[in-house]
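Participant: Here it is, the structure in full.
Please treat every number below as a calculation from the coordinates, not as lab data. Since we're looking at a predicted model, the values are computed, not measured. Counting neighbours? That spans all protein chains shown, and the Cβs are built from the backbone with ideal geometry, glycine included.
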Amino acid sequence: MDKGVTKASDGLNGHSWNVVGHTYVPKLHTDEAFVWHATLPADTFVPPHIHPHQDEWIYVIEGSLEVEFMQDVHKASAGDTIRMPRGEAHGIFNRSGKTVTCIFGVAPSRRLYDLFTQLDGVTDPAELTRISALHEVDFLPPPDAA
């Protein structure tokens, strides 16, 4: 890892991505971990998905989120940390009516940084699912598709 400071408004190498309506700004990327700042507008979500080879966590800075582990819903507010073990399906929802800011992290990094680079601006759900599968993130089908 390179030493130094990444300023609050900066991303690594000037990167910032729009992924599923959220703004993701990478802060740290090594083989061992990938960390990014996220801004989630009101009523946005990350559809249920699985990271088969990564543990994921979220530290909520401002606002509140809900995480669904299948039918089990957990609520988190500012200062809370959400842990999502590898191989466990989870969806992340901002149902607060307000913007949420948080820090996400995954370990090990695997292919997620490259995935976000390719997903920047993608709006078609089928394309999002196809690209994600190539980078070891598997989205679950919507409930009505079962």
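Okay, residues lined up against (1) of a type in the set (D, E, K, R); (2) over 25 Å from S9 (Cα atoms); (3) in contact (Cβ under 8 Å) with a residue 60 or more places away in the chain:
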residue	(1), (2), (3)
V67	no, yes, no
I82	no, no, no
G105	no, no, yes
F116	no, no, yes
D124	yes, yes, no
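Participant: Follow-up question, since we're still on this one. Is it the case that some residue within the stretch 10-19 is outside any loop (DSSP other than H, G, I, E, B) and of a type in the set (D, E, K, R)?
Facilitator: No, the conditions are met nowhere in the stretch 10-19.
Participant: Please go through the stretch 119-133 and give me each residue that is surrounded by fewer than 18 Cβ atoms within 10 Å (Cβ to Cβ) and not β-branched (V, I, T), ordered by number.
Facilitator: Scanning the stretch 119-133 gives D120, G121, D124, P125, A126, E127, R130, A133.
Participant: From the list A8, A76, pick out the single residue that is in contact with a Cys (Cβ under 9 Å, 6 or more places away or on another chain) and either farther than 23 Å from I131 by Cα or surrounded by fewer than 16 Cβ atoms within 10 Å (Cβ to Cβ) (or both).
Facilitator: Just one listed residue meets the conditions, A76.
Participant: Take the residues in the stretch 52-69 that are surrounded by 15 or more Cβ atoms within 10 Å (Cβ to Cβ) and of a type in the set (D, E, K, R); name whichever of them is nearest to the chain's Cα centre (by Cα).
Facilitator: Top of the filtered list is E56.
Participant: Look at the stretch 20-58 and say how many of its residues are farther than 15 Å from D114 by Cβ, not aliphatic (A, V, I, L, M) and not in a strand (DSSP E or B).
Facilitator: 6
Participant: Something else about it: State yes or no: is P47 exposed (fewer than 14 other Cβ atoms within 10 Å of the Cβ) and touching a residue at least 24 places away in the same chain (Cβ under 8 Å)?
Facilitator: No; evaluated as a whole, the condition is false for this residue.
Participant: Being of a type in the set (D, E), surrounded by 14 or more Cβ atoms within 10 Å (Cβ to Cβ) and touching a Gly at 6+ places or on another chain (Cβ under 6 Å), is that true of even one residue in the stretch 134-142?
Facilitator: Checking the stretch 134-142: not a single residue is of a type in the set (D, E), surrounded by 14 or more Cβ atoms within 10 Å (Cβ to Cβ) and touching a Gly at 6+ places or on another chain (Cβ under 6 Å).
Participant: Let me ask something else about it. Within the stretch 87-104, which residues are buried (at least 16 other Cβ atoms within 10 Å of the Cβ) and part of a loop (DSSP other than H, G, I, E, B)?
Facilitator: N94, S96
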